[in-house]
Structure formats: structure tokens, C-alpha cells
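Asker: Got a structure for you, questions after.
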Amino acid sequence: MDPNQNPPARSEPGRKNTGTIILSVLALALALTWAVSTLFEIGLLKSFAAVILVLFGILVALFMSGIT
């Protein structure tokens, strides 16, 4: 590599970590919602939380693999 060339640009790790933390907190909140609705047998809320949890799981997997 030529010493006069600029090094390759690196992604900002702080931004990626912030996004991961936000997604993790939202997933945790949905997991707690699902657990509470299971405890009190609230069927509609349980179904809604379960569907959103699956979608967040897919989103987190895509985010962590670097696709998004």
C-alpha cells in the first residue's frame, strides 16, 4: 500500500453499538410484555408481543450480521 494513500474508512462503532442496545431494550420490553400477558392469560396481547418479538429477532440478526 502506498504510504501517501488514506487508510480505508472504518465504520463508527459507537453508532452500531447504540443501535444494538436500542433493539435489545425493545426486545426485552416485548419479552416482558409477553411474559406478563402469559401470566395473566391475556391472549391478544400475548399474540401481538410474540409476533413483534419474532420480527425483532429477525431484525437483530440482520443488524448483527451487517446486512443492514
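Asker: Is it the case that region 19-36 has a residue that's loosely packed, with under 10 Cβ neighbours inside 10 Å, in a helix (DSSP H, G or I), of a type in the set (A, V, I, L, M) and at pLDDT 80 or above?
Answerer: Checking region 19-36: not a single residue is loosely packed, with under 10 Cβ neighbours inside 10 Å, in a helix (DSSP H, G or I), of a type in the set (A, V, I, L, M) and at pLDDT 80 or above.
Asker: I need every pair where a residue in region 30-41 that is without any contact (Cβ under 8 Å) to a residue 12 or more places away in the chain has its Cβ under 6 Å from the Cβ of a residue that is of a type outside the set (Asp, Glu) and assigned to a helix (DSSP H, G or I), sequence separation at least 6 or different chains.
Answerer: Thr38/Lys46
Asker: What do you reckon, is Ile58 surrounded by 11 or more Cβ atoms within 10 Å (Cβ to Cβ), at pLDDT 80 or above and β-branched (Val, Ile, Thr)?
Answerer: no
The values are calculated or read from the model by the stated rules, or taken from the named source; none is laboratory data. Predicted model only: the values in this text are computed from it and were never measured. Quick reminder, even Gly has a Cβ in these numbers, built from the backbone with ideal geometry, and neighbours come from all protein chains shown.
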